[in-house]
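The values are calculated or read from the model by the stated rules, or taken from the named source; none is laboratory data. Since the model is a prediction, treat every value here as computed from it, not as a measurement. Here Cβ is always computed from backbone atoms with ideal geometry, including for glycine, and neighbour counts include all displayed protein chains. What goes into the accessible areas is simple: the full protein's heavy atoms, side chains included, and nothing from ligands, DNA or RNA. Shrake-Rupley method; radii C 1.70, N 1.55, O 1.52, S 1.80 Å.
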Amino acid sequence: GEISKEELRYYQKQGIHSYHVQDMIGKSGLEKEYESYLNGVDGIRQIEVNNLGEMVKELGTKPPVSGNNIVLNFDLDFQLEVEKILSRHIKRLIREAEEDPERYKPTGGSAIVLNPNNGKILAMASYPDFDLNLFSTGLTQRDYQELSSDSMKPLLNRNIMAAVPPGSLFKLVTGTAAVRYLNVNADTEFVDENGLFYIPDWSRPFKNWHPGGEGKLDFTKAIARSNNIIFYKLGYRLYENYQGEKLVNTALNYGLGQKTKIDLPEEKRGIVPQGAIDDQGGNWYPGDSVNLSIGQGGLLTTPIQMVNYISTIANKGTLYQPYIVDKIVDSEGEVIYDQQSKVLKELDYNDQLFNILHEGMEEVTMSSYGTARSTFRDFPIKVAGKTGTAQTG
């Protein structure tokens, strides 16, 4: 799109004076992030004119220089397939919600495919999306108004800009803290007597998503069943021993509440409630730990944070910086920038801890009692996963 006054001033403040009124620049996404590489250099033609403004002669020319090209990690066919699958399922859920008055229509969706061993993003889809060609051919004010006022917010890249409660996906953070600080292991046995958990001296119970008690469960089955009661108990035990410090710091260790530094502009940080560590626990109560243990209570995460954190569990402790651009080549095809994997953090947890989480996550999808079993019943390969549902208000 055409450069605005604000953008022109911004670049001038950065000491970049190569932009002029009516220049076209990258306005969002990768085109904005890599503008300095994609922007070419204007050509110059100097001419001599007479007093009527007519050209007398040409004094010299300087040919324009093409901008560079960015090459993505994406395979186009795979990317289009991921977009299609996401769109198909969101539309199905909308139809189902229209037929069931007790269900809410989804307001959008996100799908990200990330290589957990290097941080390369192989596909990324946000629904609803919009036709990029509208912008390349010149967007009318009316077209833009329609897009920006659409209640489904098609211009919002949900992968990096939608910060929402993660719900039970967070239980793997609680599980990490439980194994690390409470000596919980795969076979540690718990009991869910009646689907209710009471904090001592509190009258209001915290409830399980499944009505009625589930009886005895070992730790990995508690992950597979996503049993709230067991994780409430773990959250409360962590509070008794450490207030909220260990639970909050474990979440921060996994990169929650911080930007992943993906190569896209306008990424949201999300929120990890930090009262437990900011105020030496002065404003942190048992209910805060219990709520946080199942991914509620002021916690907000983005899809890119979630896939990065799950990938860190998958690879046993390396938090990578996710990235989309593989390399940048000039107009002659020469590589001028070759993107390499970057490690944000190496987590100080042993393999045994991750093996326990892996076992529970395999039970989620592969066991007869896992919460995702119906989806993966006939799946041809072994997979691990975690389901999550959140109250979003």
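Starting from the 7 Å offset along Cα-to-Cβ, what nm value, one decimal, do you get for the label separation of Ser28 and Phe135? Each label point is offset 7 Å from its Cα along the Cβ direction, giving 0.6 nm.
Here the accessible area of the chain is 48 percent carbon and sulfur, with a 1.4 angstrom probe and all protein chains present.
Cross-link reach is defined here as a Cα-Cα straight distance under 14 Å, omitting same-chain residues fewer than 8 places apart; for Lys57 the aspartates and glutamates meeting it are Glu48. Here the mean projected area of the convex hull built on the C-alpha positions of region 75-116 is 3.6 nm².
Note on exposure: Asp23, Asp192 ranked by accessible area (1.4 Å probe, complete protein assembly) read Asp23, Asp192, with the most exposed listed first. Taking 0.36 nm per residue of sequence separation and removing the Cα-Cα distance, the Asn315/Ser66 pair yields an extension gain of 85.6 nm. Specify which residue in the list Ile121, Tyr242, Tyr349 is farthest towards the positive end of the charge dipole of the chain, using unit charges on the beta carbon of Lys, Arg (+1) and Asp, Glu (-1), about the Cα centre. Ranked along the dipole, the leading option is Tyr242. Mark the label point 7 Å from the Cα of Leu147 along Cα→Cβ and return the residues of region 16-47 whose backbone N is within less than 11 Å of it. Flagged as within label range: 27-29. Say R0 is 22 Å: what FRET efficiency, to the nearest 0.05, do Lys345 and Val113 get from their beta-carbon distance? Calculated value: 0.50. Can you find, among Thr371, Ala384, Thr61, the residue farthest towards the positive end of the dipole of the chain? Put +1 on the C-beta of Lys and Arg, -1 on that of Asp and Glu. Result: Thr371, furthest along the dipole toward the positive end. Give me the log10 of I(q) over I(0) for region 3-139 at q = 0.11, 0.13, 0.19 Å⁻¹, as the Debye formula computes it from C-alpha points; what are the numbers? So the normalised log intensities are -0.69, -0.85, -1.20. The Cα-based radius of gyration of the chain, divided by its Kirkwood radius, gives an Rg/Rh of 1.08. Each peptide among 331-340, 288-297, 24-33 gets the average number of other Cβ atoms lying within 10 Å of its residues, and from highest to lowest they stand as 288-297, 24-33, 331-340.
When Asp263, Asp201 are compared by accessible area of protein heavy atoms, the largest-first order is Asp201, Asp263, using a 1.4 Å probe. Distance from the alpha carbon centroid of region 143-221 to that of region 16-79 works out to 50 angstrom. Across all directions, the average flat footprint of the convex hull enclosing the Cα atoms of region 46-108 is 10.7 nm². The calculated Kirkwood hydrodynamic radius for region 134-248 is 17.2 Å, given to one decimal from all distinct C-alpha pairs.
Per residue, the chain reaches -10500 deg cm²/dmol at 222 nm when only DSSP H runs of four or more residues are counted, each adding -39500 (n - 2.57).
Within the shell of other residues whose beta carbon sits under 11 angstrom from the beta carbon of Ile324, the net charge comes to -2, with Lys and Arg scored +1 and Asp and Glu -1.
A 1.4 Å probe run over region 1-67, with the rest of the protein chains in place, finds 78 Å² accessible per residue. As a quick test, which of the pairs Lys91/Lys153; Lys91/Lys207; Lys32/Lys261 have an alpha carbon distance above 19 angstrom in this structure? As for pairs spanning more than 19 Å Cα to Cα, those are Lys91/Lys207.
Of the peptides 351-363, 300-312, 94-106, 250-262, the order by per-residue mean of other Cβ atoms within 10 Å, starting with the highest, comes out as 300-312, 250-262, 351-363, 94-106.
The protection proxy used here, the mean number of other Cβ atoms lying within 10 Å of each residue, ranks peptides 372-385, 69-82 as follows, highest first: 69-82, 372-385.
If a/c stays under 1.5 just call it rounded; otherwise compare a/b with b/c (prolate if a/b is bigger, oblate if not). Do that for region 209-310, with a ≥ b ≥ c from the square roots of the Cα gyration tensor eigenvalues. It comes out oblate by the Cα gyration axes.
Residue ranking by accessible heavy-atom surface, 1.4 Å probe, largest first, among Ile44, Ile328 comes out as Ile44, Ile328. The label point for Asp338 and the one for Lys207, both projected 7 Å from the Cα toward the Cβ, are 5.8 nm apart.
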